[in-house]
1. How about the range B:366-379: which of its residues are closer than 18 Å to residue B:237 by Cβ and either facing chain A (nearest Cβ under 10 Å) or surrounded by fewer than 22 Cβ atoms within 10 Å (Cβ to Cβ) (or both)?
2. Which members of the range B:133-152 meet the condition of being hydrophobic (A, V, I, L, M, F, W, C), in contact (Cβ under 8 Å) with a residue 24 or more places away in the chain and either within 8 Å of chain A (Cβ to nearest Cβ) or farther than 22 Å from residue A:427 by Cα (or both)?
3. Within the bounds of the range B:318-333, is there any residue that is over 19 Å from the mean Cα position of the chain (by Cα) and under 24 Å from residue B:445 (Cα atoms)?
4. In the range B:125-238, which helices (runs of 4 or more DSSP H) lie fully inside it and hold 3 or more residues that are out of contact with any strand residue (DSSP E or B) (no Cβ under 9 Å at 6 or more places or on another chain)?
5. Does at least one position in the range B:431-441 carry a residue that is among the polar types (S, T, N, Q), away from chain A (no Cβ under 14 Å), more than 30 Å from residue B:287 (Cα to Cα) and touching a residue at least 12 places away in the same chain (Cβ under 8 Å)?
6. Could you tell me how many of the residues in the range B:380-419 are more than 7 Å from chain A (Cβ to nearest Cβ), in contact with a Leu (Cβ under 6 Å, 6 or more places away or on another chain) and either of a type in the set (Lys, Arg) or crowded, with 21+ Cβ neighbours inside 10 Å (or both)?
7. Based on this model, can you work out whether residue B:24 counts as touching a residue at least 40 places away in the same chain (Cβ under 8 Å), more than 14 Å from chain A (Cβ to nearest Cβ) and assigned to a helix (DSSP H, G or I)?
8. Condition (residue is at negative phi and more than 14 Å from every other protein chain (Cβ to nearest Cβ)) applied to the range A:254-261: is it met by at least one residue?
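The values are calculated or read from the model by the stated rules, or taken from the named source; none is laboratory data. Keep in mind it's a predicted model, so treat the numbers as computed, not measured. For neighbour counting, all protein chains shown are included, and Cβ atoms are generated from backbone atoms with ideal geometry for every residue, glycine included.
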Amino acid sequence: MPFLIEHISEVVLAMNILVFLAASFLIVAAFLRRRRREKYFSRIDALRARYTPIVSGMLEGKIEYGKGLDTLKGITGSDRFRVLELLLIEKKTETSPAPILRQLCADLGLVEVWQQQLIGMVDAKGRQVSRVTSNRIQEKSGRLGYLVRASSAHHLGAIFHQPSWPLLVKALGDAHPDVASVAARSLAAIGEPESFQPLLDCLHDVIQNASRQVSLRSIKMALVSFPLEQAAKLLPSLRHSHRRIRFLAVDIIRGMAERRAAENEDFVLDAQTFAPELSEIFLSRLISDENPDVRARAAPVIAYLPDQRATSALLILLGDGEWFVRMHSARALAKQKYLSCANLIAGRLTDAQWMVREAATRTLLSFGREGLSRLYDHALTTTDRYSKEQIGDEIQRAGLVPVLLGQYAQDRNGKETQVMELLAELGKTSCMLEALEGIPERNLRRKFLADFGRHPDPQIRSWVKGLASGKPFSRLRPRAAVPGIPAPQAGRA
Amino acid sequence: MDWRQIFYHSMNVFNVVIVAYFFLANGTYTVLMLLSLAYTWVHTRCLVYQGLDEIRESVVTPPATIVIPAWNEQEIVVNSVRSILKTDYPGLEVFVVDDGSTDETLARLVDAFELIKMDLIFRPRMATHAVKGFYANPKIPHLLVISKENGGKPDALNVGLSMCRTPYFCTLDADCILERDALLRLMRPIIRSSVNTVASGGIVRILNGCEVRDGQVVKVGLPKTLLERFQVVEYLRSFLYGRTGWDAMGGTLIMSGAFAVFHRESVIDSGGFGQDTVTEDMDLIVQLHRWAVVKGRKIKMVFTSDPVCWTECPSSLVNLGRQRRRWQMGLCQTLWKNSEILFNQRYGMIGMVSYPFQLYVEALGAAVEFLGYFMVPLALLFGMVPPTLYILFVCLALLYGGFLSVGAVLLEDLTYRRYPGYWDLSTLLLYAFLENIGYRQVILYYRFQGVVRFLFGFRQWEKVIHVGTHD
């Protein structure tokens, strides 16, 4: 039979009907879904209104535990499990998960369900439990089972359920990377010391086994959140032949130390928290590791060591052949106890790499008045323009120009006048002049006019003239003349 | 063969082309819609265990810089920056690059944030126009305003990129408002990925009609005008199932530069933001794909639909036309520039599916569809198409367009439900059908203009004026 135009019309008509029906179905589905969700949420809201005060009361000890538990057991319906999760896990975010909350989750059967789900509901009991959950669709579909496993791992971590750590360790080997990542996070939240080693093994496995798709950052994040006392377990990793494993081990210790230092300004890696073998390996072996990343990340850790040799180790790293090792070392030295190294740090102000110069400048600035004085001395004596530029940059960024002006007001022929002259010479006058414009004190302006009015640089004289006539400097300053310094020359960063 | 026969033949060929285009385009969109329905549904389930707190609090979380290029944005820039400074992210830096504005953009920023002009060192990592000055306030150390000579958006982004010190940077348009945790959410796939994720894009939603307080969207609502409402549906379609669907297939070729995070060194190594197209975002994505293939790097680009950035859409036809012409012209320029990707197996899904789709359906399709509006009625006039078939086909085109848009609205309602009221849902569904009558044709006209401008070698960037609906 030939295919006639009438047949095409019929096909197109059929398609019209089909598309119309499909669109109608989507519209109906949208409204039905909306209605269902509204019902669901109003039920949740009602349950929240009713049960949240009970949960809060139990956590605060105002309601007797047994009585509250019985009331919560009264929640029924196919979504009972989900409702309980919402009520209890939400509370966790508001207050710290008290042991009562953990007990409540266990007594209501949530912990058991989460544990069953985490191990993939392999036994009959697990399947039976899963029937009461609202995640039936996900459970029935094997490929999406990871959503349930990952959520369960998350919940166990959220309530810091310590007895679940062996299950979570097992989950580190899950085929789906999400489950392994969430399990790592939950293990970190629980903080069971024995789980540190399995996490570390997992890290090794991910590095050495290309087929494992777990995010290295997630495992590292988990390890970093353990207390520093666990760092001794990283010794074999620090001695490992794989350069990346050594690097990550050093970086994890650095993270642990920095976390602790953020809590306590006077933090040091003493023998109680940091095993002597670890200190030794940092001071003797890692500072000469063939991987420059290892050397770079070792510097901040060494800086926290109370050992006498730490300073010399840091100074060795400060002279390393790799610029980023020098940069990390310069940054690590930004502690008052290394003030005695200021001269050597100042030596890095003429480094060929600008990020090292910047780190050295910032470290000196962190030493306070004394460091600033060193910076001024260096800026006034060095012939290195890049170094001067860097110092000028940091003085502006740190908001030190008004301080400089204040000191200049008190000390007529001191260093400050010369530094101001230097800044003017370098073309870094915008900040200074804006500060001068904003200063109500007439004497300072007069002093500035007197000192700089006869300056040999005609541009500086013209700015001063502008100041004298009361014109805003920002308008006088030729805008095109401020594109920064010329591009660095060859061999300079 | 006389001219009549040539005409008839041509008309027949064109009719076949338009029918093929219709089925190819709608077939692909349907596949994308179904894919994204499944993908987004799974993604929303994953949000239960996303662990944003851990990312926020960890010392391992990589710091990031938000780079905001701004040119003549005096009406909105201060509120935008205020909102962006509240972004919840550890170690965040914010750079605003004033691209030689001729209005008060810079002055308003200086006043609002009490910035002081500083003469800092600029170390360009790629060729850019001259930087005129830096403005900072030591009390807000994570904000830096850079003033430069006008050189276009890519040039401004390159200046920001040169100043950037963090391993990742986020490009953000000056008219955008970020949800407080949007950057955390955008960085999440990067942190969780086992492969070097060089780009991560989020969803851009329309701000018009929403209530903004203190730099944050406090109430989501639909805009008042027809034109803006149509764009709401269009954005839902484009982001929720266009981008998501391509991401599910591993064929991401477009990521909105209005809100995306990139790996700094990968971008710099690949050459930075190109200045030879008017859509620097798409250009960069394609450039990164090429760079990865040339260098033999294993990279990943992801699109996630839960990090939200709110943007002001054009509220007038003039501005809408400017925006769409630019998008279409940029698409054509980028595809032309990177034509070696077409059916190149080395690029996998990008070369074999994504690029050909963008070329034949999105770029050339605009011209085919536009001409179809004239040629098919002409065929009807000459008796080459029976009137019944013509009417049925037009109905099918309208219905199918509506079906796809309804799919996007349903997807939104199934997952994020940002428009909570029944009235909003009904309105969106109504506009999903209405947009095929009138609005679609207007957009098509602008897109066709974009194609024509590309063919004539037009290069000009058409500025969309933002009136400022913030606060």
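1. The answer is B:369, and nothing else.
2. B:140, B:143
3. Yes, there is a match, as at least one residue in the range B:318-333 is over 19 Å from the mean Cα position of the chain (by Cα) and under 24 Å from residue B:445 (Cα atoms).
4. So the answer is B:226-235.
5. Looking for residues that are among the polar types (S, T, N, Q), away from chain A (no Cβ under 14 Å), more than 30 Å from residue B:287 (Cα to Cα) and touching a residue at least 12 places away in the same chain (Cβ under 8 Å), one finds at least one in the range B:431-441, hence yes.
6. 3
7. Yes; evaluated as a whole, the condition is true for this residue.
8. Within the range A:254-261, none of the residues are at negative phi and more than 14 Å from every other protein chain (Cβ to nearest Cβ).
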